[in-house]
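Everything below concerns the one structure shown next.
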Amino acid sequence: METKYLFVTGGVVSSLGKGIISSSLACLLKARGYRVTIQKFDPYINIDPGTLNPYEHGECYVTVDGHEADLDLGHYERFTDIRTTRANNITTGRIYQSVIDKERRGDYLGKTVQIVPHITDEIKRAVKALGNTGNFDFIITEIGGVVGDIESLPFLEAVRQLRWELGDNSLCIHLTYVPYIAAAKELKTKPTQHSVKRLQELGIQPDILVLRTERHISPEMRRKIALFCNVAPDAVVQSIDVDTIYRVPVKMHEQHLDEIVLHKTHTPIEGEPHMQPWLDFLHKMDNATDTVTIGIVGKYVELQDAYKSINEALLQAAIYADHKLKLKFIHSEKVNGGNVADMLGDLDGVVIAPGFGQRGIEGKFVALKYCREHDIPTFGICLGMQCMVIEFARDVLGLAEANSTEMNPTTPDNVIDLMEEQKSISNMGGTMRLGAYDCVLRDKSLAADAYGSQTISERHRHRFEFNNDYRDRFEQAGMACVGENPATRLVEVVEIPSLRWFVGTQYHPEYSSTVLHPHPLFRSFIKAAIDYRDERKKSEKQ
Ligand code: GLN
């Protein structure tokens, strides 16, 4: 079949969940056997979100091919199990960079380079590049931002042109907000009408409207919106707040969003999407009664999106273990010797979060010492793994000033050190060790048992590494380097085999955990946490 292009735009306000709607639609189309991918355009000048701090943009996600990407790509993968690449996330900065590079090369043959057509052509090229691979039946392109933003204009102009060129092989889904005014006890459609008008002024007629709302929108009100917006009444869908984002695909299917898309793009509709595994997951979620409590020790605890993929990976693992997940965020700057028992004492498991820089680092060491000495299941991720190594060096190897050269460039014991290939790098953007690398796990290690395999591949985002000069001393003292990169011998996984579950990974396993394939290491960690909780309960009773 010819590739179909679905554009998702947003109106009224941001944070309506275009990423979740796009992911849900992709999930449904995939469950119907179609080959789908989702792409996100971010209308900011940064080349990628790699240089953005989490306060600006939440978590930075990493694709297997080593691209630092918007966190929506995490949703795409979690909902669809389809790997994204650098072609799936493009910013204004990247578009301009490639146009300016072409201009410098002389590719424009003396022409004046302009937003239309040169920037818009570059955007269109980026949309079609995915279609031209021949790998996909549907390309869902999410336009970041809100209609009416200055930043979004070139993207919307490109969408207008593409709609015109592609005809029925494309459509536009517009996501808007229908607020409930408590004082008037009424839902209001006017913001939606205005936002559709804005879109129409730009030459784009939405084909489908998805209305975000906290309350049920009556069929009558939907008909009214349809009338005002030139949209067929059955193509006005509501997206009412739900307890979990993972219910959204089901809610969208109940209102036939997938069928409307197939119908409008003249794609045959055969039977129902195969959603059983997804429904099984929701069933487990709804029927879990026991709770497992996990603490995340990090410095961005006030930001709900800063550790997005870790939260989701933990949740998925808990659900597959038939448990509810209770997450407790622990501010690493606030942890000290005096309060650590209060802060961590009642947890079933502890995650030491990834991160950069000095802030909050000492609290991570205090938390790790407590976890290690009390044998609490502990999972260190990236910086969390590096902290495990440093804390062990200080407390067990007796190297009191051991550190990472990231935190103290003149430490006498640089147990974590800058990677050799990083030493000549001065630019910050896109220059870390990024993307998927192979790792070989030691036979019978906890990690190898969890994966059920000794050869794995996981995604990375770091500049510093375990210093192999210290490896023998760690091994002798009881911290085992059980995973290494076969080409470079870079240490990827450490464990303390004498403890019940104490594992650190230099890579980020959370990026590859999905609803239908929760990550084995997170599953193993959650299982250990549940066992630990049960053991404590038992001994309390005795
Ligand atoms: N700051 C550490 C490094 O660059 C860890 C990075 C991370 O946790 N993602 O190596």
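Computed per residue of the chain from DSSP H runs no shorter than four, each worth -39500 (n - 2.57), the mean residue ellipticity at 222 nm is -11000 deg cm²/dmol. Computed from phi, the 3J(HN,Hα) profile of the stretch 121-128 under the Karplus parametrisation 6.51, -1.76, 1.60 (θ = phi - 60°) reads 5, 5, 5, 4, 4, 5, 5, 6 Hz, with x in place of Gly and Pro. Taking amide H as placed 1.01 Å from N in the peptide plane, the amide H of residue 66 sits under 5 Å from that of 435, 436, each at least 5 places away or on another chain.
Couplings 3J(HN,Hα) of the stretch 453-469, computed from phi: 6, 9, 10, 9, 9, 9, 8, 10, 7, 7, 10, 9, 8, 5, 7, 5, 4 Hz, in residue order, whole Hz [Karplus 6.51 cos²θ - 1.76 cosθ + 1.60, θ = phi - 60°; x for Gly and Pro]. P(r) tail for the stretch 1-129: Cα pairs beyond 22 Å make up 42% of the total. The local environment of residue 131, defined by Cβ-Cβ distances under 14 Å, has a net charge of +2 under the rule Lys, Arg +1 and Asp, Glu -1. Among residues other than residue 40 with Cβ under 11 Å from its Cβ, the summed charge is -3 (Lys and Arg +1, Asp and Glu -1). Sorting 509-519, 375-385 by average packing, meaning the other beta carbons within 10 Å per residue, from highest down gives 375-385, 509-519. Determine, at each q value in 0.11, 0.13, 0.17, 0.20 (inverse angstroms), the log₁₀ of I(q)/I(0) that the Debye formula gives when each Cα of the stretch 279-424 is one equal point scatterer. Results for the stretch 279-424 at q = 0.11, 0.13, 0.17, 0.20 Å⁻¹ read -0.46, -0.61, -0.94, -1.19.
If you average the alpha carbon positions of the stretch 424-486 and of the stretch 215-289, how far apart do those two centres end up, in angstrom? The stretch 424-486 and the stretch 215-289 have Cα centres spaced 42 Å from each other. Computed from point charges on the beta carbon alone (+1 for Lys and Arg, -1 for Asp and Glu), the dipole magnitude for the stretch 208-332 about its Cα centre is near 460 Debye.
For the set 308/364; 326/364; 102/128; 190/299; 124/197, the pairs lying more than 30 angstrom apart at their alpha carbons are 190/299. Using a probe radius of 1.4 angstrom, the carbon and sulfur fraction of the accessible surface of the stretch 164-306 is 53%. DSSP assigns beta bridges within the stretch 398-468; of those with both partners inside it, close to 90 percent run antiparallel.
Computed over the alpha-carbon pairs of the chain, the distance histogram in 10 Å steps reads 3, 17, 26, 24, 17, 10, 3, 0, 0 percent, short to long. Under a 5 Å amide H cut-off, with hydrogens placed 1.01 Å from N, residue 380 pairs with 352, 503, 504, 505 among residues at least 5 apart or on other chains. Among the GluC sites (Glu not before Pro) in the stretch 370-455, those placed in a DSSP loop whose Cβ has at most 15 other Cβ atoms within 10 Å are 401.
Here the Karplus relation 6.51 cos²θ - 1.76 cosθ + 1.60, evaluated at θ = phi - 60°, turns the backbone of the stretch 506-517 into coupling constants of 5, 8, 10, x, 4, 5, 10, 8, 10, 4, 8, 9 Hz, with x for every Gly and Pro. The amide H of residue 91, built 1.01 Å from its N in the peptide plane, has 42 as neighbours under 5 Å, considering only residues 5 or more places off or on other chains. Rounded to the nearest Å, what's the spacing between the alpha carbon centres of the stretch 338-364 and the stretch 1-28? Just the number, please. That distance is 37 Å. Reported to two decimal places, what Rg/Rh ratio describes the stretch 432-542 when computed on Cα atoms with Rh from the Kirkwood expression? Here the Rg-to-Rh quotient is 1.02. Within the chain, DSSP assigns beta bridges of which about 30% are antiparallel (rounded to the nearest 5).
The values are calculated or read from the model by the stated rules, or taken from the named source; none is laboratory data. This is a predicted model, so every value here is computed, not measured. We place every Cβ from the backbone using ideal geometry, glycine too, and count neighbours over all the protein chains shown. These accessible areas exclude ligands, DNA and RNA; they are computed on the full protein's heavy atoms, side chains included. Shrake-Rupley method; radii C 1.70, N 1.55, O 1.52, S 1.80 Å.
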